[in-house]
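See structure below.
Every number in this text was worked out from the coordinates using simple rules, so none of it is lab data. Keep in mind that this is a model prediction, so the values were computed, not measured. Cβ placement follows ideal geometry from the backbone for every residue including glycine, while neighbour counts extend to all protein chains displayed.
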Amino acid sequence: MCGIVGYIGDKNPTEVIMAGLHRLEYRGYDSAGVAVVNDQGLDCVKSLGKLKVMDALLAERPITGALGIGHTRWATHGVPSEDNSHPHFDMDKEIAVVHNGIIENYQALRASLEADGITFRSQTDTETIAHLVRKYYAGDLFKAVQRALQDVEGAYAIGVICKDNPDVMIAARHGSPLIVGMGEDEAFIGSDVPAIMKYTRDVYYIDNGQVCEIKRGQVRIEDLDGNPVTLEMTHVDWDDAAAEKEGFPHFMLKEINQQPEVIRNTLRGRVEEGSDEVRLPEMNISVDELKACQKITIVACGTAWHAGMVGKYLIEKFAKVPVELDLASEYRYRNPIVPPNTIMIPVSQSGETADTLEAIRIAKSLGAKVASIVNAVGSSVARESHGIIYQQAGPEIGVASTKAYTSQVTAFSLFTIWLAESRGVMDKAQAKQMIAHLRAIPDKIQTILDNQDVIKRLAATPKYRDAQSALYLGRSFNFPSALEGALKLKEISYIHAEGYAAGEMKHGPIALVTDELPVVCIATQGDTYEKMVSNIQEIKARDGLVISVATEGDKHILAHSEDIIYIPECYEPYSPILVAVPLQLFSYYVAVNRGCDVDQPRNLAKSVTVE
Ligand code: AGP
């Protein structure tokens, strides 16, 4: 999954592109490159490694021109190397291409092009596009790209420029995100809004199969067959600062601290003060469909799947609808049964996760109604769903998902109330009470954030900071919290961590307990509290290092814990939203103490747009 940026206008394209690539670096950072069209033709600088390497190279050898394209890469085909870094060119270096996605038939295309005498410089799938465009180029770059893409199968968002055409940039997408930004006598392309938000907030979300001819201040869009397309412009109202760190050392810490406001934003427009009713019109599901629903299938990956598990517990407890929860990567290959009146709820922050997208397509083909919980406006998941709950969480730049998770759980909480009321299994009084509990969450999160120094100190102690492994245990609504806490620790601190249902300890994991094993036990007040205390006692009896997450004022649990993290009293079904915050902070500070690259952990990308 990579990031692309392009610019045409009076500014220095290299400066605009590099600023945009820095905003997209979370999408991949194996290598990067920029190409511009100027009097000398096509000029290019590219490098292995993160963008700071490019910054240094460009400081030594600046390039500029009338327009340009740039790319930051997360390798899919071809190891990270300078030759494999984008932009890629045809043999005569007349055409330059940047690409995010996977060309699935690139081997066949490459074989055919090589049979025509073309020699390749790289092992990438992308280079085939550059040679194909050159093959069909007869002076009209737009038509050449349109024709070339008819030979291509797979996912792409591309930017294409040509050395003898300084007035036009071509962009196209199929399966990977792409936007076109419009300015006064200038225009931009990008994989994501933060890349160009510094310059324009007026964007077009390009759809699959669309090709754009972009000139200064204007864009013409057609499909691959040459049929004109008209898109509606979207004005993006994210604050520019939202894509900056606002003084925090890392995006992740900034986003953790944003969560009180994020939860308010997720609730915004859906529930009012004192209201006993949830409004989710954009889900595009009628009350009759909700009443007729016999089964809900939740599909997602990673953290989003953990949010889906909380969603399952909420929906079954309050709306009394059976819920099947599936990893999207499993759902797509297991020949799922989709009975009539099934509603699928995909969950995806980026809205571009390949497995989740494919699961949507399968479910739709089998007749399911698809209503997604998604953060990225205009993303593929959003556009391929019948209905949406936008998380309204703003851009999440840190690779480790934090505010997106709590926002997703909040969205499930809203959906549950709406579903239960629609089905007549929740009365107005209960709905009003649950909405009040939800609206109280942001201030409770703020209390945790205001006391995060306790967690910071814990994370600095060697017995946790230098641990080789960790266990996270929870029950009921906080079993998914244990899974999510473990994922946070492992993905940013590289300490192996496993989340487990606490009731499973006797079925194996308790064999791991030693005086060097931190065991995070989520023991907040709720139906399974006493069971959790028993688990904690079993672990302490074997000298395990118990870090308890407990409800403020709980003195009983102190005697059984090595350390304790208190959270405010909370309505149990919504406690996963609160519990997530100290676990995010603990993972963050452990990772920082271990000198890890918190925002861009090794081997990971923010959105997995390939299988
Ligand atoms: C979580 O911290 C990871 N970033 C990852 O598990 C992520 O949640 C998963 O890839 C799903 O991404 P999505 O929500 O954009 O679909």
A chain fully extended from ARG383 to GLN468 at 0.36 nm per residue, minus the present Cα-Cα distance, gains in nm 26.3 nm
Sorted by chain and number, the residues with a modelled amide H under 5 Å from that of GLY387, at a separation of 5 or more or across chains, are VAL370, ALA371, SER372
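Quick check: from the Cα gyration tensor, does the stretch 253-405 come out rounded (a/c under 1.5), prolate or oblate?
oblate
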Among all the lysines, which ones have a C-alpha under 20 Å from LYS93's C-alpha, if same-chain residues fewer than 8 places away are not counted? LYS46, LYS135, LYS143, LYS163
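Net charge near VAL323, counting Lys/Arg +1 and Asp/Glu -1 over other residues with Cβ under 11 Å of its Cβ?
In short, +1.
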Separation of the stretch 309-336 and the stretch 511-529 by C-alpha centroid, Å? 26 Å
DSSP beta bridges in the chain: the antiparallel percent, rounded to 5, is 60 percent
Amide H proximity to ASP90 below 5 Å, modelled H, separation 5+ or other chain, gives ILE95
Subtracting the Cα-Cα distance from 0.36 nm times the residue separation, let me have the gained length for ARG121 to ALA108 in nm, one decimal. 3.0 nm
Candidate lysines - alpha carbon under 25 Å from LYS254, same-chain residues fewer than 8 apart omitted: LYS50, LYS52, LYS198, LYS245, LYS403, LYS444, LYS456, LYS488, LYS490, LYS606
Let me know the shape class of the stretch 549-611, please: from the alpha-carbon gyration tensor, a ≥ b ≥ c as square roots of the eigenvalues, rounded when a/c is under 1.5, otherwise prolate if a/b is greater than b/c, or oblate. oblate
Under 12 Å, Cβ to Cβ, from LYS369 - net charge with Lys/Arg +1 and Asp/Glu -1: 0
Can you give me the distance in nm between label points at ASP140 and PHE248, each placed 7 Å from the Cα along the Cα-to-Cβ direction? 5.0 nm
Relative contact order (percent) for the stretch 184-265, with alpha-carbon contacts under 8 angstrom and 6 or more residues of separation? 26 percent
Reachable lysines, given that their alpha-carbon falls under 26 Å from the alpha-carbon of LYS295 and they are not under 8 places away in the same chain: LYS312, LYS317, LYS320, LYS364, LYS369, LYS428, LYS432
Contact order normalised by length for the chain, with contacts defined as Cα pairs under 8 Å and 6 or more residues apart; what percent is it? 11 percent
For the chain, what is the calculated [θ] at 222 nm in deg cm²/dmol (nearest 500), taking -39500 (n - 2.57) for each run of four or more DSSP H residues and dividing by its residue count? -10500 deg cm²/dmol
Cα convex hull of the chain: how many Å³ per residue? 153 Å³
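Under the 0.36 nm per residue contour assumption, what length would be gained going from the current alpha-carbon distance of ARG594 and ARG268 to full extension?
So the extension gain works out to 113.6 nm.
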What angle, in degrees between 0 and 90 and rounded to the nearest 10, separates the Cα long axis of helix 354-365 from the longest principal axis of the Cα atoms of the chain? 90 degrees
Global geometry of the stretch 97-207, whether rounded, prolate or oblate, following the gyration tensor of its Cα atoms and the 1.5 cut on a/c: prolate
Relative to the longest principal Cα axis of the chain, at what angle does helix 428-450 sit, 0 to 90 degrees, rounded to 10? 80 degrees
Here the FRET efficiency for LYS428 versus SER286, based on Cβ atoms and R0 = 30 Å and rounded to 0.05, is 0.90
Cβ-Cβ FRET estimate between ARG361 and GLU552, R0 fixed at 60 Å, reported to 0.05: 0.85
How big is the gap, in Å, between the Cα center of the stretch 256-278 and the Cα center of the stretch 462-509? 29 Å
Relative to the longest principal Cα axis of the chain, at what angle does helix 479-493 sit, 0 to 90 degrees, rounded to 10? 50 degrees
Between ASN12 and ASP92, the two model label points (7 Å from Cα along the beta-carbon direction) sit apart by a distance in nm of 3.2 nm
Through the Karplus equation 6.51 cos²θ - 1.76 cosθ + 1.60, θ set to phi - 60°, convert the phi angles of the stretch 180-197 into ³J(HN,Hα) values in whole Hz; use x for Gly and Pro. 10, x, 10, x, 6, 6, 7, 8, 9, 10, x, 6, 7, 4, x, 5, 10, 4
Could you give the nm distance between label points at GLU538 and ALA460, where each point is 7 Å from its Cα heading toward the beta carbon? 3.6 nm
